[in-house]
Amino acid sequence: MIEGKSLRSDLHHLDRALQALQQAMLQACGGAAAGWMAPLPLLIAEVDEYLDDEEAPALAVERDLHARAERLLGPQPPSDAVFRTQYDALRAAHPAVASAHEALLHVMAQLPAHPMA
(Lines give C-alpha, C1' and ligand atoms only; values in the text may rest on other atoms or scores of the structure.)
Protein backbone atom coordinates (compact mmCIF):
# COMPACT_ATOMS: atom_id res chain seq x y z
CA MET A 1 0.00 0.00 0.00
CA ILE A 2 2.85 2.38 0.74
CA GLU A 3 4.20 1.85 -2.77
CA GLY A 4 0.80 2.70 -4.29
CA LYS A 5 0.58 5.90 -2.25
CA SER A 6 4.09 6.84 -3.32
CA LEU A 7 3.24 6.23 -6.98
CA ARG A 8 0.08 8.31 -6.66
CA SER A 9 2.14 11.11 -5.09
CA ASP A 10 4.66 10.86 -7.95
CA LEU A 11 1.83 11.15 -10.47
CA HIS A 12 0.45 14.19 -8.63
CA HIS A 13 3.87 15.85 -8.95
CA LEU A 14 4.05 14.94 -12.64
CA ASP A 15 0.52 16.23 -13.21
CA ARG A 16 1.26 19.57 -11.53
CA ALA A 17 4.50 20.00 -13.47
CA LEU A 18 2.80 19.19 -16.79
CA GLN A 19 -0.04 21.60 -16.03
CA ALA A 20 2.42 24.36 -15.07
CA LEU A 21 4.24 23.78 -18.35
CA GLN A 22 0.98 23.92 -20.29
CA GLN A 23 0.06 27.18 -18.55
CA ALA A 24 3.45 28.72 -19.38
CA MET A 25 3.06 27.63 -23.00
CA LEU A 26 -0.42 29.15 -23.23
CA GLN A 27 0.78 32.43 -21.73
CA ALA A 28 3.69 32.49 -24.17
CA CYS A 29 1.20 32.06 -27.02
CA GLY A 30 -1.09 34.84 -25.80
CA GLY A 31 -3.58 32.49 -24.14
CA ALA A 32 -4.61 30.65 -27.28
CA ALA A 33 -3.75 26.99 -27.68
CA ALA A 34 -2.22 26.18 -31.03
CA GLY A 35 -3.18 22.93 -32.75
CA TRP A 36 0.34 21.54 -32.38
CA MET A 37 -0.07 21.69 -28.56
CA ALA A 38 -2.74 18.95 -28.55
CA PRO A 39 -0.44 16.10 -27.38
CA LEU A 40 0.31 17.82 -24.05
CA PRO A 41 -3.30 18.09 -22.79
CA LEU A 42 -3.85 14.50 -23.92
CA LEU A 43 -0.93 13.36 -21.76
CA ILE A 44 -2.22 15.46 -18.84
CA ALA A 45 -5.68 13.91 -19.25
CA GLU A 46 -4.20 10.43 -19.10
CA VAL A 47 -2.26 11.25 -15.93
CA ASP A 48 -5.47 12.71 -14.45
CA GLU A 49 -7.36 9.55 -15.37
CA TYR A 50 -4.94 7.44 -13.33
CA LEU A 51 -5.16 9.91 -10.44
CA ASP A 52 -8.97 9.74 -10.50
CA ASP A 53 -8.90 5.93 -10.41
CA GLU A 54 -9.54 4.58 -6.92
CA GLU A 55 -6.96 1.85 -7.39
CA ALA A 56 -3.34 2.76 -6.79
CA PRO A 57 -1.40 3.12 -10.04
CA ALA A 58 1.03 0.35 -10.90
CA LEU A 59 4.73 1.00 -11.28
CA ALA A 60 4.44 0.01 -14.96
CA VAL A 61 1.86 2.79 -15.47
CA GLU A 62 4.13 5.39 -13.94
CA ARG A 63 7.07 4.19 -16.01
CA ASP A 64 4.97 4.33 -19.18
CA LEU A 65 3.78 7.88 -18.47
CA HIS A 66 7.35 8.91 -17.66
CA ALA A 67 8.60 7.47 -20.95
CA ARG A 68 5.79 9.14 -22.90
CA ALA A 69 6.55 12.50 -21.30
CA GLU A 70 10.22 12.13 -22.22
CA ARG A 71 9.37 11.23 -25.81
CA LEU A 72 7.02 14.20 -26.08
CA LEU A 73 9.08 16.84 -24.26
CA GLY A 74 12.62 15.48 -24.27
CA PRO A 75 15.24 14.19 -23.91
CA GLN A 76 14.14 10.99 -25.71
CA PRO A 77 13.71 11.09 -29.51
CA PRO A 78 10.36 12.76 -30.23
CA SER A 79 7.12 10.85 -30.52
CA ASP A 80 5.66 13.88 -32.32
CA ALA A 81 8.21 15.79 -34.40
CA VAL A 82 5.90 18.75 -35.12
CA PHE A 83 5.14 19.19 -31.42
CA ARG A 84 8.81 18.90 -30.44
CA THR A 85 9.97 21.40 -33.09
CA GLN A 86 7.37 23.98 -32.05
CA TYR A 87 7.91 23.26 -28.35
CA ASP A 88 11.68 23.64 -28.59
CA ALA A 89 11.25 26.98 -30.41
CA LEU A 90 8.75 28.21 -27.80
CA ARG A 91 11.03 27.09 -24.97
CA ALA A 92 14.01 28.89 -26.54
CA ALA A 93 12.03 32.12 -26.98
CA HIS A 94 10.21 32.26 -23.62
CA PRO A 95 12.03 32.02 -20.28
CA ALA A 96 8.84 31.01 -18.44
CA VAL A 97 8.45 27.97 -20.70
CA ALA A 98 12.13 27.10 -20.25
CA SER A 99 11.73 27.40 -16.47
CA ALA A 100 8.62 25.19 -16.44
CA HIS A 101 10.49 22.68 -18.63
CA GLU A 102 13.37 22.57 -16.14
CA ALA A 103 10.92 22.08 -13.27
CA LEU A 104 9.31 19.21 -15.17
CA LEU A 105 12.70 17.60 -15.80
CA HIS A 106 13.40 17.83 -12.06
CA VAL A 107 10.10 16.06 -11.28
CA MET A 108 10.75 13.40 -13.92
CA ALA A 109 14.21 12.76 -12.47
CA GLN A 110 12.47 11.77 -9.22
CA LEU A 111 10.25 9.20 -10.96
CA PRO A 112 11.22 5.55 -11.32
CA ALA A 113 13.29 4.99 -14.44
CA HIS A 114 11.33 3.78 -17.39
CA PRO A 115 12.34 0.55 -19.15
CA MET A 116 14.19 2.43 -21.92
CA ALA A 117 16.53 4.12 -19.42
Next on the checklist: What pairs come out if I take residues in the range 57-68 that are touching a residue at least 12 places away in the same chain (Cβ under 8 Å) and pair them with residues that are β-branched (Val, Ile, Thr) whose C-beta lies under 7 Å away, six or more apart or interchain?
Outcome noted: LEU65/VAL47
Checklist entry - Can you spot a residue in the range 15-33 that is in contact (Cβ under 8 Å) with a residue 60 or more places away in the chain and among the acidic types (Asp, Glu)? => result no
Next on the checklist: Quick check on the range 106-117: of everything there that is loosely packed, with under 15 Cβ neighbours inside 10 Å and in a helix (DSSP H, G or I), which residue is modelled with the highest pLDDT?
Outcome noted: HIS106
Checklist entry - Is it the case that the range 48-68 has a residue that's buried (at least 19 other Cβ atoms within 10 Å of the Cβ), on the phi < 0 side of the Ramachandran plot and modelled with pLDDT of 90 or more? => result no
Checklist entry - What tally of residues in the range 81-95 results from selecting those that are buried (at least 16 other Cβ atoms within 10 Å of the Cβ) and either under 13 Å from LEU40 (Cα atoms) or touching a residue at least 40 places away in the same chain (Cβ under 8 Å) (or both)? => result 6
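The values are calculated or read from the model by the stated rules, or taken from the named source; none is laboratory data. Everything numeric here is computed off the predicted structure, so don't read it as measured data. Counting neighbours? That spans all protein chains shown, and the Cβs are built from the backbone with ideal geometry, glycine included.
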